[in-house]
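Structure record follows, encoded as structure tokens.
The values are calculated or read from the model by the stated rules, or taken from the named source; none is laboratory data. Just so it is clear, the structure is predicted and the values come from calculations on it, not from any experiment. Every residue, glycine among them, receives a Cβ derived from its backbone with ideal geometry; neighbour counts consider all protein chains shown. Protein only, heavy atoms only, side chains kept; ligands, DNA and RNA dropped before computing areas. Shrake-Rupley method; radii C 1.70, N 1.55, O 1.52, S 1.80 Å.
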Amino acid sequence: MEARAQLVRAINEGQQAGIDRQLVTACPYPAGDLRRSAWVRGYTAGRRKSEAGRTER
């Protein structure tokens with residue numbers, strides 16, 4: 001898989017984990033892997049979406 005596609009996939013996976021309110025330690029990528037940073041970025045965005053959805057109800 002192309003490197004860019006791997007990063008996009010990691011972002012999307014992290015975002016879904018954040019929306020699902022999983023722990024950040026659920027990240028499947030090891031330290032030092034660029035996909036880990038991408039996953040955490042997505043996770044942060046997903047948590048924000050999750051929190052925003054909770055306050056709108």
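Residues of segment 1-13 that are modelled with pLDDT of 95 or more and surrounded by fewer than 17 Cβ atoms within 10 Å (Cβ to Cβ): Glu2, Ala3, Arg4, Ala5, Gln6, Val8, Arg9, Asn12. Among the residues making up segment 14-44, those that are of a type in the set (Gly, Ala, Ser), part of a helix (DSSP H, G or I) and either open to solvent by less than 40 Å² (accessible area, probe 1.4 Å) or out of contact with any helix residue (DSSP H, G or I) (no Cβ under 8 Å at 6 or more places or on another chain) (or both) are Gly14, Ala17, Gly18, Ser37, Ala38, Gly42.
Within segment 24-42, residues that are hydroxyl-bearing (Ser, Thr, Tyr) sit with their Cβ atoms under 7 Å from residues that are open to solvent by 80 Å² or more (accessible area, probe 1.4 Å) and modelled with pLDDT of 95 or more, at 6+ positions apart or across chains, in these pairs: Tyr29/Arg36.
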